[in-house]
Amino acid sequence: MSSPEQWTHPEPASAPAATAAKPTAEQVIAGLRATDQGDVNLVQLLTPEGERVQHPDFDIDITAEELRGLYRDMVLIRRVDREANALQRKGQLGIWVPLLGQEAAQIGAGRAMRPDDMAFPSYREHGIAWTRGIHPTDLLGIFRGTDMGSWDPVEHKFHPYTIVIGNQVLNATGYAMGQKFDGKVGDADGEATMCFFGDGATSQGDVHEGFVWAAVYDAPLVFFCQNNQWAISEPTERQSRLPLYQRARGYGFPGIRVDGNDVLATLAVTRWALEECRQGNGPILIEAFTYRMDAHTTSDDPSRYRLSDELELWKLKDPIERVKVHLVKQQWADSAFFESIEQESEALAVELREFCVNMPDPPPERIFANVYAEGNPVLEAQRDEFLAYVEGFAGGEH
């Protein structure tokens, strides 16, 4: 039987991971400790206490202005998230997918991308959308049930949200392969693609197929896994015997684990990974080790499957607070700056709320729009029949 250390941190030269069909209590405890500590290979540049630390391979120079910008991004997108959550509770949205606690992972990764890079999100990447120039109001139609996203994915280089778990990985892999075939890879001016998914998605076949194809074709693709520790109600240690970033080894490409609550480390690691892909050295898997502070969605009750002690522990690792503390320690920001960001976030929340409450109902023909790229006589006949039926109810007569 393998040791607890081998259960969570097996290396190529060590004994294999545990082979028991059911882990022992000792192995489960080791897995929980790994979840808490993040693995010895965790890349971190800013500690939870706001202390700047160095890393031999992934260090960056950051100016006061740049760090203030990252702080602003995280505060604004958290306020958007909290307001949208409240709007769902008031019946204005059908559902909402919170990102609370994952702001650093998303803002760090999003700000590492160049304008020509392409992003493929799941359904929680509100922070990535923000960094791609998409206003939060453009997200609301998805969760109100009026549209599938009102932005132009070509203009913003941000694919529509994908609800089917892991399916966006196949889309991203195909897009990245196209970048390779079109000769857009191989130098500093090259393009890259980044695909976002959660730890639960790594158990889906689509993700593994994407890994295979991207590896075989050296696709310029960064697989960005936000390991928030819970695939709805299943913890990570019940999904994998290995830390997730080590799975890349089996497909023949690098994997790295970064502190997903550290915006600087996430920015540094993602910049490196994207540059490697642009140069033709992809793909790469990044595991952003973070935590979902809220429910999986607003239809979920996390108190049924996780302890409040765990939540309290992760509150001490808050991604925004550590940046705020560092800004104060470095004297890079004063109370006036923080107050201005707070006021801006409240104004954004008001804008989001007013937009949502006053969203018009879509016309009945909307359901038939954008089904096919070109006209389809069968669909058009269905549309005309449906509209004629709806017309019969005009004036309140039934």
Considering each of Asp189, Asp300, Asp199, Asp259 in turn, give the residue that is touching a Gly at 6+ places or on another chain (Cβ under 7 Å) and acidic (Asp, Glu). Asp259
So for the range 257-270 (the condition being free of Cβ contacts under 8 Å to residues at least 40 places away in the same chain and farther than 21 Å from Glu209 by Cβ), does at least one residue qualify? no
Looking at (1) without any contact (Cβ under 8 Å) to a residue 40 or more places away in the chain; (2) within 14 Å of Leu274 (Cα to Cα), find the lone condition where Glu191 falls short. (1)
Breaking point among (1) crowded, with 22+ Cβ neighbours inside 10 Å; (2) under 18 Å from the mean Cα position of the chain (by Cα); (3) among the hydrophobic types (A, V, I, L, M, F, W, C); (4) part of a helix (DSSP H, G or I), for Ile286: (4)
Is it the case, given these coordinates, that Asn228 is in the same structural domain as Gln279 (by TED's automatic domain parsing), over 18 Å from Leu274 (Cα atoms), of a type in the set (S, T, N, Q) and buried (at least 23 other Cβ atoms within 10 Å of the Cβ)? yes
Tell me, please, whether a residue that is assigned to a helix (DSSP H, G or I), in contact with a helix residue (DSSP H, G or I) (Cβ under 6 Å, 6 or more places away or on another chain), surrounded by fewer than 23 Cβ atoms within 10 Å (Cβ to Cβ) and assigned by TED's automatic domain parsing to the domain that holds Lys184 can be found in the range 91-99. no
Can you report the number of residues in the range 315-334 which are among the hydrophobic types (A, V, I, L, M, F, W, C), in a helix (DSSP H, G or I) and farther than 25 Å from Phe143 by Cβ? 4
Boolean, Arg271 is in a helix (DSSP H, G or I) and among the basic types (Lys, Arg): yes
Under 8 Å between Cβ atoms, at least 6 apart or on separate chains: pull out the pairs that start in the range 354-370 with a residue that is loosely packed, with under 10 Cβ neighbours inside 10 Å and end on any residue that is among the hydrophobic types (A, V, I, L, M, F, W, C) and in a loop (DSSP other than H, G, I, E, B). Asn370/Met148
Which residues, taken from the range 253-309, are farther than 30 Å from Leu93 by Cα, in contact with an Asp or Glu (Cβ under 9 Å, 6 or more places away or on another chain) and hydroxyl-bearing (Ser, Thr, Tyr)? Thr266
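The values are calculated or read from the model by the stated rules, or taken from the named source; none is laboratory data. Computed from a predicted structure; not experimentally measured. No Cβ is skipped: glycine too gets one built from the backbone with ideal geometry, and neighbour counts run over all protein chains shown.
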